[in-house]
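Just so it is clear, none of the values below were taken in a lab; they were calculated from the coordinates. Since we're looking at a predicted model, the values are computed, not measured. Here Cβ is always computed from backbone atoms with ideal geometry, including for glycine, and neighbour counts include all displayed protein chains.
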Amino acid sequence: MLECSEGINLIHGPNGAGKTNILDALHFCALSRSMLGSQDRECMNFSSHHFFLQAKFMADTGFSSSVQVSYSAGGEKKIQLNGTELNKFSELVGHIPCVTFFPAELAIVNGAPGERRRFLDTALCQVDRRYLDALQMYRKVVQQRNAVLINGLYQALGVLTEQLVTFAACIMRSRYRFIASFIPLVQKVYKNMGIDEEPGLVYKGSISIDEPFPEEDVLRELLTRRFDAVETQERLRKQTLAGPHRDDIILTLNGRDARKYASQGQMRTLLIGLKIALQRYLEEISGETPLFLLDDLFSELDQERVEAVVSMIGMSGQSVITGTDALLLDNVNNISIHEIQSAQKAG
C-alpha cells in the first residue's frame with residue numbers, strides 16, 4: 001500500500017526494484033492502460049495469472065473517486081469506478097486527469113510522427129469528450145476504408161470518405177486550437193525555469209492552411225479536395241493517404257527543428273517543458289490539477305536544472321516521481337521503495 005502526500009513524492013531506490021511499476025499501476029487506475037504502452041497481459045508478474053489494482057483519488061473539490069482494475073490471463077479486463085463496472089474503458093478517461101514523463105517518451109521529440117500524435121491525443125482526450133468520440137470513430141472508418149481499398153470495393157469509397165472527412169475535421173480543429181493555446185504555456189515554463197531558448201510547435205497537416213483557428217466547415221472542404229486529389233494513389237497503394245492519422249507536429253527551439261538540431265539535453269528539457277505545460281493546460285481547461293507521474297526524471301540533469309524543475313513541479317499539485325537517490329529538498333517527500341515493499345509483505 002502506498003499513501004502519497006500532497007506535493008512532490010519521490011520514490012527512490014536501485015534500478016530494477018519496481019519503482020516504475022508503481023507509476024504504471026497509478027496510470028492504469030487513471031487512464032485504464034499502461035503508461036509504457038504495454039499490453040495488459042505483459043503487465044502481470046511471470047508467476048501470476050492475474051493482477052488487481054485499487055486506488056483512491058481525491059479531487060481539488062474534495063470529491064473522492066475509487067478505481068479498481070482487474071485483469072486475468074484469459075484476457076478479460078474489468079474496471080470499476082466508485083463501485084460501478086464500466087461498459088467502456090474510455091468512460092474512465094477524464095475523471096482522473098494525469099500527465100506522465102518517462103525516458104522512452106523522448107521519442108515525442110526525436111521519434112516518429114505517431115509519437116507526437118499520441119501526445120496530442122492523450123492530452124485532448126482527457127478534456128474533450130467530443131474529440132475522444134471523433135477519434136475512436138475516425139480510427140474505425142480508416143480501418144473500414146483501408147479494407148475497401150485492399151479489396152477493390154470502390155463503390156463504398158465515397159460514403160466512407162464522407163464519414164472520414166467529418167471526423168477528421170473535428171479532430172484537426174481541436175488540434176489546431178490546442179497548439180495555439182499550448183505554445184504560450186510551454187514558453188512560459190521555459191521562462192520560469194530560466195532557460196534562454198524559445199520553444200515552438202507547428203502543426204503539419206495533410207492539408208495546407210494558413211488560419212490558426214480553422215473552422216470545421218473549412219477543414220471539411222479542404223479535406224474533401226485532398227481526398228479527391230489522392231484517390232488514384234490510394235487505389236494503387238491500398239491505404240488511406242490523408243487525414244489526421246498521418247499528421248505531425250514540428251517541435252522547434254529558436255525556430256529550428258528540435259529533432260534535427262537539438263542536443264540530447266535540450267531534447268530532454270523540451271520534453272519536461274512540454275509535460276509541465278500540459279499539466280497547466282489540463283488544469284486550465286478542466287479546473288482539476290492533474291496527477292503528475294514522472295519516471296527517472298532527474299537523470300542527465302545537472303543540479304541547477306534539477307532544482308528548477310522541482311520548483312516548477314512543486315507548484316503543480318501532487319506528483320509521484322522515481323529516482324535512484326533521495327532528494328534533500330524541503331518540499332520533497334522521500335519514500336524508499338524498500339519501505340513500500342516491506343509494508344506490503346507485512347500486510
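Worth pointing out:
- Distance from region 285-322 to region 128-183 (C-alpha centre basis), Å: 35
- Net charge dipole size for region 90-144 [Lys, Arg +1 and Asp, Glu -1 on Cβ; Debye, nearest 20]: 180
- In the chain, the sites counted are chymotrypsin sites (Phe, Trp or Tyr not before Pro) in DSSP loop states with at most 16 other Cβ atoms within 10 Å, and the longest stretch holding none of them, exclusive of the sites, is 64-347.
- Dipole check for the chain: with +1 at the C-beta of Lys and Arg, -1 at the C-beta of Asp and Glu, and the Cα centre as origin, the magnitude is about 1160 Debye.
- Between helix 264-286 and the chain: long-axis angle, C-alpha atoms, 0 to 90°, nearest 10: 80
- Gyration tensor verdict on region 94-144 (Cα atoms; rounded if a/c is under 1.5, prolate if a/b is larger than b/c, oblate otherwise): oblate
- Between amide H atoms placed 1.01 Å from N, distances below 5 Å from Ser336 occur with His12, all of them 5 or more places distant or on a separate chain.
- Column: log10 I(q)/I(0), Debye, Cα scatterers of region 1-58, q = 0.26 Å⁻¹: -1.32
- Cα long-axis angle, helix 216-237 against the chain (0 to 90 degrees, to the nearest 10): 80
- From the C-alpha gyration tensor of region 63-116, square roots of 5λ in Å: 29, 16, 10
- Most positive-pole-ward Cα, Leu86, Ser336, Val310, against dipole of the chain from beta carbon charges: Leu86
- FRET efficiency, 1/(1 + (r/R0)^6) with R0 35 Å, evaluated for Leu329 and Gln163 via beta carbons: 0.05
- P(r) weight above 28 Å for the chain, C-alpha pairs, percent: 48
- The chain: most fluctuating residue of Ile11, Ile276, Ile195 per GNM, C-alpha cutoff 10 Å: Ile195
- DSSP beta bridge pairing in region 107-265, given as percent antiparallel to the nearest 5: 100
- Over region 107-265: Rg over Rh, Cα atoms, Kirkwood Rh: 1.02
- Using alpha-carbon coordinates, inclination of helix 113-125 to the longest axis of the chain, degrees: 70
- The convex hull drawn around the Cα atoms of region 175-304, when projected onto a plane and averaged over every direction, covers 10.7 nm².
- All Cα pairs of region 1-152, percent lying beyond 21 Å: 55
- Computed over the alpha-carbon atoms, region 244-297 gives an Rg to Rh ratio of 1.05, Rh here being the Kirkwood radius from the mean inverse distance.
- Charged-residue dipole, Cβ positions (Lys, Arg, Asp, Glu), region 152-233 about Cα centre, Debye nearest 20: 240
- MRE, 222 nm, helices only [DSSP H, n ≥ 4, -39500 (n - 2.57), over the chain, to nearest 500]: -15500 deg cm²/dmol
- With the charge dipole of the chain set up from +1 on Lys and Arg Cβ and -1 on Asp and Glu Cβ about the Cα centre, the Cα lying farthest toward the positive end among the listed residues Gly37, Gly152, Gly74 is that of Gly152.
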